[in-house]
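**Student:** There's a structure below that I have some questions on.
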Amino acid sequence: MGCIFRYGHSPFTFMGMGGGFMGILFIIAIGVFLYFILKNNKKNDYNKDDRAINILKEKYAKGEIEEEEFKRRLELLKY
């Protein structure tokens, strides 16, 4: 029988981060961090598109652009 605490055989080593529990928490923290970055990025893109559509609607309501132009620009903004 050898020592159970040799490198790679200890229940307290997980990816060399000082323990299985700490390693799992580290991976979860990275996942949460990435989730919020991606979520905020989507939110910012939506707000930009939403603002442009609102400006387009205002121009159409004021009569600055025709219906055909409004529809054409709206389709461009949706993609």
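None of the figures in this text is laboratory data; all of them are computed from the coordinates on show. Not measured: the values here are computed from a predicted model. Counting neighbours? That spans all protein chains shown, and the Cβs are built from the backbone with ideal geometry, glycine included.
**Student:** May I ask you to sort I37, I27 by Cβ crowding, counting other Cβ atoms within 10 Å and putting the fewest first?
**Tutor:** I37, I27
**Student:** Please compute the length gained on full extension between A52 and I65, using 0.36 nm multiplied by the number of residues separating them and subtracting their Cα-Cα distance.
**Tutor:** 3.2 nm is the gain from fully extending A52 to I65.
**Student:** Neighbouring Cβ atoms within 10 Å as the yardstick, rank Y60, Y35 fewest first.
**Tutor:** Y35, Y60
**Student:** As a footprinting exposure proxy, order R73, R51 by other Cβ within 10 Å, with the fewest listed first.
**Tutor:** Listed from fewest to most nearby Cβ atoms, that is R51, R73.
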